[in-house]
Amino acid sequence: MYAVTANAQSSVTLYGLVDAGIRYTTHANPAGDSQVQMLSGANESTFGIRGVEDLGGGTKALFQVEDRFFPNSGQTDPAYPFFNTAFVGLQSNTFGKLTMGRQINPFADAVLGAFVSNRWLPTFYQFRPEVMMAQGVWTSNMVKYAARWQYLTGEVSYAFGGQAGHFGAGSQIGASLLYLPAAPLNLAVAYLDSRDAVNASAHFKSWTAGGSYTFESTTVNAGWAVNRQDAGFVGNFPNGPFSAPALSALKFNTFSAREMFFGGVSQQIGFATHLSANVWRTIQTGKTPSADGNATQFQLLADYNWSKRTDTYVEVDYSMYRGGMVGAQFQGINAVSSAYSTTQLGVTAGLRHIF
């Protein structure tokens, strides 16, 4: 992380993360073959710039832009815009923070802030099934307001659909409440409602709640999340992560309700080592009986820090899919998991550096 100070009242910081790994995956194609490949790593690599200017009276102007890329190929992630994060805003000691642009929605803020799996890891871990319950994590065209009272933070957001003559089509509203003291208990709840970009009367609604508790060097986390889609929901593009054809290709429009329970435990051993174990259970009700299904997923992870900025890791995950569940929906935008089998084993090892 490198900071450039223009004067006593403003600063601009260049930051990022570079992560490369090798992954072994079973049932990687329709023939059932296994695969060994170099990936972008357990985390997607990023570089970004953020800045703050002191306007006086406890008020600051701020901005952030961030790109996500693949170090194994040098390419920018095609699933995202070049700047996947891009916002500008104002922050006041008295009135809170207002930001405008493409940014993380309140639902994802709640999970990431209080009870996400492997919480010590930066950005988004490649195998983090709860991420896909957040309707894409980032939302475009969003105005978000956050206010804090001691340990309690409240967020509300609205994303503009921007369609002439159809004010609500493609829009999204969100809200979250986070309780984040230094230790030991963190709690959060959140709600997100996206309106269809074509059929504005159709909604995709999500709820989540959970928390984590830390005692000495051990942290336990648990969470619950629900997605509900109306029958006529096609997609929330451009505010959501996918166009309607992309959602259809992932079979993400085939369910009417999906409920996930997840939890885990992590153990820090000295400065250098983190160990964790996680489990996810998801139940799906389809828009047709053939889309009914469920998924059970497990993960073990060991992470060793060579320094404050460099670490190596080994991760093992195992997934079981039944009925109409599609594995690719649970591994984020890049679909590490496939839909070709009812079971899948994955092993990832890699090296990560933060700057």
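Descriptive notes on the structure:
- The single condition among (1) in contact with a strand residue (DSSP E or B) (Cβ under 6 Å, 6 or more places away or on another chain); (2) touching a residue at least 60 places away in the same chain (Cβ under 8 Å) that Val131 does not meet is (1).
- Neighbours by Cβ (under 8 Å, 6+ apart or cross-chain): first from the stretch 280-298, touching a residue at least 24 places away in the same chain (Cβ under 8 Å) and of a type in the set (D, E, K, R); second surrounded by 15 or more Cβ atoms within 10 Å (Cβ to Cβ) and assigned to a strand (DSSP E or B): Lys287/Gln229; Lys287/Phe255; Lys287/Ser256; Asp292/Gln284; Asp292/Thr285; Asp292/Gly286; Asp292/Gly323
- Subset of the stretch 148-179 [of a type in the set (Ser, Thr, Tyr), over 15 Å from Leu192 (Cα atoms) and in a strand (DSSP E or B)]: Thr153, Tyr179
- Candidates are the residues of the stretch 44-60 that are in a strand (DSSP E or B) and surrounded by fewer than 15 Cβ atoms within 10 Å (Cβ to Cβ); the one that is modelled with the lowest pLDDT is Gly56.
- In the stretch 66-80, the residues that are buried (at least 18 other Cβ atoms within 10 Å of the Cβ) and assigned to a strand (DSSP E or B): Glu66, Asp67, Arg68, Phe69, Phe70
- Close Cβ contacts (under 8 Å, 6 or more residues apart or on different chains) running from residues in the stretch 194-219 that are closer than 17 Å to Tyr179 by Cα and in contact (Cβ under 8 Å) with a residue 24 or more places away in the chain to residues that are charged (D, E, K, R) and surrounded by fewer than 21 Cβ atoms within 10 Å (Cβ to Cβ) comprise Ser212/Arg119; Thr219/Arg119.
- The sole residue among Phe83, Phe63, Phe87 that is assigned to a loop (DSSP other than H, G, I, E, B), at pLDDT 90 or above and more than 29 Å from Val347 (Cα to Cα) is Phe83.
- Candidate set from the stretch 1-40 (those that are at pLDDT 90 or above and of a type in the set (Val, Ile, Thr)); member that is farthest from Lys308 (Cα to Cα): Val36
- Check on Gly210, under 29 Å from Thr94 (Cα atoms) and at pLDDT 95 or above: yes
- Ile104 surrounded by 15 or more Cβ atoms within 10 Å (Cβ to Cβ), at pLDDT 90 or above, under 30 Å from Thr214 (Cα atoms) and not polar (S, T, N, Q): yes
- The stretch 174-193, residues that are under 18 Å from Asp230 (Cβ atoms) and either touching a residue at least 40 places away in the same chain (Cβ under 8 Å) or in contact with a helix residue (DSSP H, G or I) (Cβ under 9 Å, 6 or more places away or on another chain) (or both): Gly174, Tyr191, Leu192
- Taken over the stretch 125-176, the residue count meeting the criterion of being closer than 22 Å to Phe47 by Cα and either modelled with pLDDT of 95 or more or surrounded by fewer than 20 Cβ atoms within 10 Å (Cβ to Cβ) (or both) is 2.
- Of all residues in the stretch 177-205, those satisfying the criterion of being among the small types (Gly, Ala, Ser) and at pLDDT 95 or above are Ala188, Ala190.
- Qualifying residue in the stretch 273-287 (condition: loosely packed, with under 14 Cβ neighbours inside 10 Å and at pLDDT below 95): no
- Where Gly41 falls short, out of the listed (1) buried (at least 19 other Cβ atoms within 10 Å of the Cβ); (2) out of contact with any Phe, Trp or Tyr (no Cβ under 6 Å at 6 or more places or on another chain); (3) in a strand (DSSP E or B): (3)
- Restricting the stretch 14-32 to residues that are more than 24 Å from the chain's Cα centre (by Cα) and among the small types (Gly, Ala, Ser), the residue that is surrounded by the most Cβ atoms within 10 Å (Cβ to Cβ): Gly32
- From the options Tyr304, Tyr321, residue that is modelled with pLDDT of 90 or more, of a type in the set (Phe, Trp, Tyr), in a strand (DSSP E or B) and touching a Ser or Thr at 6+ places or on another chain (Cβ under 6 Å): Tyr304
- Of all the criteria given as (1) free of Cβ contacts under 8 Å to residues at least 12 places away in the same chain; (2) out of contact with any strand residue (DSSP E or B) (no Cβ under 7 Å at 6 or more places or on another chain); (3) not charged (D, E, K, R), the one not satisfied by Asn29 is (1).
The values are calculated or read from the model by the stated rules, or taken from the named source; none is laboratory data. Keep in mind that this is a model prediction, so the values were computed, not measured. Using ideal geometry, Cβ is built from the backbone for each residue, glycine included, and neighbour counts are taken over all protein chains shown.
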